[in-house]
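The values are calculated or read from the model by the stated rules, or taken from the named source; none is laboratory data. Here the structure is a predicted model, which is why all the values come from computation and not from measurement. All Cβ positions, glycine included, derive from the backbone under ideal geometry; neighbour counts span all protein chains shown.
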Amino acid sequence: MNTASEERRQFFRIDDYVRLSYSLVSDLRGLPGEAIDTPRQTRDEMQKDLEAEFNNTLNALWRDYPLAAKALSQLNRKLDLIGAATSGDLEDSAVGERPTRVNISGSGIAFSSDSMFPAGQLLDLDIVLLPSESPLRIMARVVDAAVIPGADETDARPYLVRAEFALRDSAAQETLISHIVQRQQAQRAEQHCETK
């Protein structure tokens, strides 16, 4: 297993803003490529599987047809909102709608949270890369969570969570790395303009 310092050498790491929401994974169901014997899937499980398949296809589409991928992403988001409105889950669907500051690389992510997670906890991350609106669903394992220095009980998100990606989809990883390289170039260009 790679240490954090080895991962930093393998991938560029940037500070960025993304839309982020997450849920705890209590078992390995939902990990792409894992065969699990279940006699019958619930509607939620079927929806998760369909969403994962859609995201994999959409991530692959972004490379060759970004405009079509963006349109499908917006249509999917619209359907999610309609579904949330009809099921009464509209408030829950708003999680992650505002941009969240993260530190992200091709191998992991760090973000502030309102919850402290134990090392090893699996998280199902829904990440929307900005400004491209590229959606990614990525499984991650918590490496560390700690109180942010200087945080107190009035802070909404007093914990810093560091997690490594369990990427099983090369298209998702390519999309993520491509985004990071593009954002890094844009950030360098902004810094160059500010120094002039």
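Points to keep in mind about this one:
- Selection status of Arg101, crowded, with 18+ Cβ neighbours inside 10 Å, in a strand (DSSP E or B), charged (D, E, K, R) and modelled with pLDDT of 75 or more: no
- Matching residues in segment 137-177 - criterion: being among the charged types (D, E, K, R) and more than 16 Å from the chain's Cα centre (by Cα): Asp144, Asp152, Glu153, Asp155, Arg157
- Filtering segment 149-169 to residues that are touching a residue at least 24 places away in the same chain (Cβ under 8 Å) and among the small types (Gly, Ala, Ser) leaves Ala156, Ala163, Ala166.
- Hits in segment 111-125 (condition: assigned to a strand (DSSP E or B) and either buried (at least 19 other Cβ atoms within 10 Å of the Cβ) or polar (S, T, N, Q) (or both)): Phe111, Ser112, Ser113, Leu122, Leu123, Leu125
- Qualifying positions in segment 116-136 - without any contact (Cβ under 8 Å) to a residue 60 or more places away in the chain and in contact with a Lys or Arg (Cβ under 9 Å, 6 or more places away or on another chain): Ala119, Gly120
- For Val161, the test of being crowded, with 18+ Cβ neighbours inside 10 Å, touching a Phe, Trp or Tyr at 6+ places or on another chain (Cβ under 9 Å) and either more than 25 Å from Arg63 (Cα to Cα) or not polar (S, T, N, Q) (or both) is passed.
- Options Ala172, Ala146: the member that is touching a residue at least 40 places away in the same chain (Cβ under 8 Å), among the aliphatic types (A, V, I, L, M) and either surrounded by fewer than 16 Cβ atoms within 10 Å (Cβ to Cβ) or not in a strand (DSSP E or B) (or both): Ala172
- A single entry from His179, His192 fulfils the requirement of being outside any strand (DSSP E or B), of a type outside the set (A, V, I, L, M, F, W, C) and surrounded by fewer than 16 Cβ atoms within 10 Å (Cβ to Cβ): His192.
- In the set (1) of a type outside the set (A, V, I, L, M, F, W, C); (2) modelled with pLDDT under 90; (3) within 30 Å of Tyr65 (Cα to Cα); (4) not in a strand (DSSP E or B), Pro135 fails one condition alone, (4).
- Pairs, first assigned to a helix (DSSP H, G or I) in segment 64-90, second at pLDDT below 75 and among the polar types (S, T, N, Q), C-beta under 6 Å, six or more apart: Ala84/Ser93
- Criterion violated by Ser23 - all others in (1) crowded, with 17+ Cβ neighbours inside 10 Å; (2) of a type in the set (Gly, Ala, Ser); (3) at pLDDT 70 or above satisfied: (1)
- Residue count for segment 151-169 under the criterion of being assigned to a loop (DSSP other than H, G, I, E, B) and modelled with pLDDT of 90 or more: the result is 1.
- With respect to being more than 19 Å from the chain's Cα centre (by Cα) and at pLDDT 70 or above, Asp64 fits the description.
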